[in-house]
Amino acid sequence: MTSARIDTDPNREAPTAQVDLTGAERTALGALAEQLSRTAPGGVDHPRWLVAARRLSCHLPVRLLEAIRQYRHDPGGDGLLTVGNLPIDEDAVPPTPDVPDSAETSATIPAATAMLLGLQLGEVIAYRDEKRGALVQNVVPVRSLAGSQSNGGSVELSLHTENAFHPHRPDYVGMLCLRGGREEVGTLVSAVRHALPLLDESDVAVLRTARFVTSAPPSFRAGHRTDPHPVLTGGTADPNVRVDFHATSALDEEAAGALERLRGAMVAEGTAMVLRPGEMAFMDNRVLVHGRGAFTPRYDGRDRWLHRIFVHLDNRRTSDSRIDSGPVLI
Ligand SMILES: O=C(O)CCC(=O)C(=O)O
Ligand SMILES: [Fe+2]
């Protein structure tokens, strides 16, 4: 990745925002993460630790703050913000965990780093019924989940809006790579803006009607099927998308045809993003869908390991769903 490419021309679509920290920026961010990792009580889910994390997040390198602010204003055609050269030392990372529902609850340097970035983008949240409501979750292959459509699986994971069934699905998903694994594993990303020109107007019109239902992913302990909802909403040239090609089904044949053609277009326009240790990507969950290619884990502590966080833009919108006004949603 090269240095920041932030478009300042308001008439042009913003390109993918990409920031590679300089050595000095990496050192400064490393010192912040270090300070945060030593802050009592040392748990990323603790309210007191979160107060400190929010405050320290205001001291990120200014070029990163600028990129995050710009991305929040306009996610660009790709819906991605990627940050490289974060202070992650793969050799210092313990063996990759391989148990279901794995999460990072200690304020390690990687967990603190992910939280510092996420807390500048917005509010880091989680769901009570997924990974026990942990804010920093591990994306790792799990032997017992190998064939599942979840991030513990290693079969191809279908393109999806994260938690598409949930009324308060994340606005952004952040993924920080701690360990790449032996094999290149691509997170598949596909932005609706690129897929749209491949569709007929009649399909787009159908996708805008409430003729689709979505169920909860296997990572959720509970969760109901949605009421009928549209897959596309918002502006015609720049809509929002809400779909999980594994969990969303159409209520009639015409809608099923449109959904299948959208899937084809999004697969055709998708790209594989291979994250390396020290790289973090934020995905705008309103404008792109993501998935993952198949791979062959060895469950020997050296497999791929990402930290995942969810970000919301507005705490007030979820006040009736947050437990004790905290970051965990029911
Ligand atoms: O493994 C990946 O790259 C993506 C998995 C995924 O969809 C997720 O963790 O939400
Ligand atoms: Fe996902």
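What number of residues within the stretch 280-303 are in a loop (DSSP other than H, G, I, E, B), of a type outside the set (Val, Ile, Thr) and within 13 Å of the chain's Cα centre (by Cα)?
Looking only at the stretch 280-303, we keep the residues that are in a loop (DSSP other than H, G, I, E, B), and these are 285-287, 293-303.
Imposing the further condition that a residue be of a type outside the set (Val, Ile, Thr) reduces the set to 285-286, 293-295, 297-303.
Among the residues that remain, those that are also within 13 Å of the chain's Cα centre (by Cα) are: 285-286.
The number of residues fulfilling the criteria is 2.
Yes/no per residue for (1) touching a strand residue (DSSP E or B) at 6+ places or on another chain (Cβ under 7 Å); (2) surrounded by 15 or more Cβ atoms within 10 Å (Cβ to Cβ):
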position: 64; (1), (2): yes, yes
position: 67; (1), (2): yes, yes
position: 72; (1), (2): no, yes
position: 78; (1), (2): yes, yes
position: 85; (1), (2): yes, yes
position: 89; (1), (2): no, no
position: 96; (1), (2): yes, yes
position: 100; (1), (2): no, yes
position: 104; (1), (2): yes, yes
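I'd like the full set of residues that are buried (at least 23 other Cβ atoms within 10 Å of the Cβ), in contact with a helix residue (DSSP H, G or I) (Cβ under 6 Å, 6 or more places away or on another chain) and not in a loop (DSSP other than H, G, I, E, B), limited to the stretch 120-136. Break it down into steps so the answer makes sense when it comes.
To start, the set of residues in the stretch 120-136 that are buried (at least 23 other Cβ atoms within 10 Å of the Cβ) comprises 124-127, 130, 135-136.
Next, only the ones that are in contact with a helix residue (DSSP H, G or I) (Cβ under 6 Å, 6 or more places away or on another chain) stay: 124, 126, 136.
Once the filter is applied, which keeps residues that are buried (at least 23 other Cβ atoms within 10 Å of the Cβ), in contact with a helix residue (DSSP H, G or I) (Cβ under 6 Å, 6 or more places away or on another chain) and not in a loop (DSSP other than H, G, I, E, B), the stretch 120-136 yields 124, 126.
For the stretch 280-326, residues that are of a type outside the set (A, V, I, L, M, F, W, C), closer than 23 Å to residue 69 by Cβ, more than 12 Å from ligand 1 (Cβ to nearest atom) and touching a helix residue (DSSP H, G or I) at 6+ places or on another chain (Cβ under 7 Å) total 1. Among the residues of the stretch 171-202 satisfying the criterion of being more than 29 Å from residue 296 (Cβ to Cβ) and open to solvent by less than 10 Å² (accessible area, probe 1.4 Å), which is farthest from ligand 2 (Cβ to nearest atom)? Only one residue tops the list, namely 195.
Does residue 71 fit the bill of being aromatic (Phe, Trp, Tyr) and within 16 Å of ligand 1 (Cβ to nearest atom)? Considered against the rule, which asks whether it is aromatic (Phe, Trp, Tyr) and within 16 Å of ligand 1 (Cβ to nearest atom), residue 71 comes out as no.
The values are calculated or read from the model by the stated rules, or taken from the named source; none is laboratory data. Keep in mind the model is a prediction, meaning the values are calculated, not measured. Note that each Cβ is placed from the backbone with ideal geometry, even for glycine, and that neighbours are counted across all protein chains shown. Keep in mind that these areas ignore ligands, DNA and RNA; they rest on the heavy atoms of the full protein, side chains included. Shrake-Rupley method; radii C 1.70, N 1.55, O 1.52, S 1.80 Å.
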